[in-house]
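Some notes on the structure that comes next.
The values are calculated or read from the model by the stated rules, or taken from the named source; none is laboratory data. These numbers come from a predicted model, not from an experiment. For neighbour counting, all protein chains shown are included, and Cβ atoms are generated from backbone atoms with ideal geometry for every residue, glycine included. In case anyone asks, the SASA skips ligands and DNA or RNA and just uses the protein heavy atoms, side chains included. Shrake-Rupley method; radii C 1.70, N 1.55, O 1.52, S 1.80 Å.
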Amino acid sequence: MSLWSRISAAVSALAKGESLATVFDRLRTPPERTVAFTIAVIALGAKMAKADGQVTRREVAAFREVFTIPPSEEANAARVFDLARQDVAGFEEYARRIRRMFRGRKEPLCDLMEGLFFIALADGEYHPAEDAFLARVAAAFGLSEGQFRTLRARFVPDAAPDPYTVLGVDPGDDLEAIRKVWRKEVRETHPDRMHARGVPEEAIHLAERRLIAVNAAWEQILQDRAA
């Protein structure tokens with residue numbers, strides 16, 4: 001059964017009037033988390049689209065870039081998007097249930113945040129309402145303000161990113177400590193690691209931007225320390 005068929009089955013299993021957020025209470029085992037991860041990105045993306053007051057063609061197209069959606073499965077993806085957009089449950093309720101589903105583990109929650117940043121920037125702008133939305137999602141996920149700033153620095157091109165913020169380290173840290181953080185971030189982008197924490201094959205490429213950002217930050221720190 002394809003990922004999108006499994007998503008359709010999970011959504012169809014909802015009782016009449018049941019919130020889409022209920023899905024995150026049911027899909028807790030590792031094989032099911034790929035389904036839940038995909039639903040989470042689409043559902044929170046739909047809530048975010050409401051945050052800036054409009055759903056642009058580019059935002060919709062961003063879903064197709066985050067996930068490779070076969071033409072035959074576009075109706076299933078659209079159904080999840082519409083259910084989330086119409087759901088009376090707030091996005092923070094979604095985020096809290098997603099956090100419980102992943103037992104508060106940072107890595108898959110950061111993977112989810114990266115997908116949302118990708119979608120937010122799909123129209124070429126980063127709206128203040130989207131920034132506020134993502135900050136609140138991160139807080140509901142249990143991520144610190146520092147962790148949110150690190151994720152934001154990797155995606156939002158509003159200024160030259162501070163390399164220490166991108167890596168989530170302190171400028172006063174010694175080089176070896178920073179090297180360990182950089183190596184850990186590189187390891188976490190490996191497809192096997194991402195599969196293990198529930199990221200579906202269709203979204204593995206989300207890590208490409210992270211890898212570019214952390215490698216550029218490491219190189220900048222090396223140059224600055226050598227100068």
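Here are a few things to note about the model shown:
- Highest-MSF residue in the chain out of Ile119, Ile204, Ile98 [GNM, Cα springs under 10 Å]: Ile204
- Backbone phi angles across the range 123-129, fed through the Karplus curve with coefficients 6.51, -1.76 and 1.60 (θ = phi - 60°), yield HN-Hα couplings of 8, x, 10, 10, 6, x, 5 Hz in residue order; Gly and Pro are listed as x.
- Tilt relative to the chain, helix 175-188 - C-alpha long axis, 0 to 90 degrees, to 10: 20 degrees
- Accessible solvent surface per residue of the range 3-161, calculated while the other protein chains remain in place, 1.4 angstrom probe, Å²: 44 Å²
- Mean sequence separation of contacting Cα pairs (under 8 Å, at least six apart), scaled by the length of the range 3-161, corresponds to a relative contact order of 28 percent.
- Stretch gain in nm, segment Ser12-Glu93, where the contour uses 0.36 nm per residue and the Cα spacing is subtracted: 27.1 nm
- Structure-based [θ]222 nm, the chain - -39500 (n - 2.57) summed over DSSP H runs of at least 4, per residue, nearest 500: -21000 deg cm²/dmol
- Largest GNM mean-square fluctuation among Ala120, Ala207, Ala15, using the chain with Cα springs under 10 Å: Ala15.
- Magnitude of the charge dipole, the range 130-227, Cβ model with Lys/Arg +1 and Asp/Glu -1, debye to 20: 240 debye
- Overall, the accessible surface of the range 3-161 at a probe of 1.4 angstrom is composed of carbon and sulfur to the extent of 52 percent.
- 0 to 90° range, to nearest 10: angle between helix 74-86 axis and the chain longest Cα axis: 90 degrees
- 3J(HN,Hα) along the range 91-105: 5, 5, 5, 4, 4, 5, 5, 5, 4, 5, 4, 8, 6, x, 5 Hz, from the Karplus curve 6.51 cos²θ - 1.76 cosθ + 1.60 with θ = phi - 60°, whole Hz, x for Gly and Pro.
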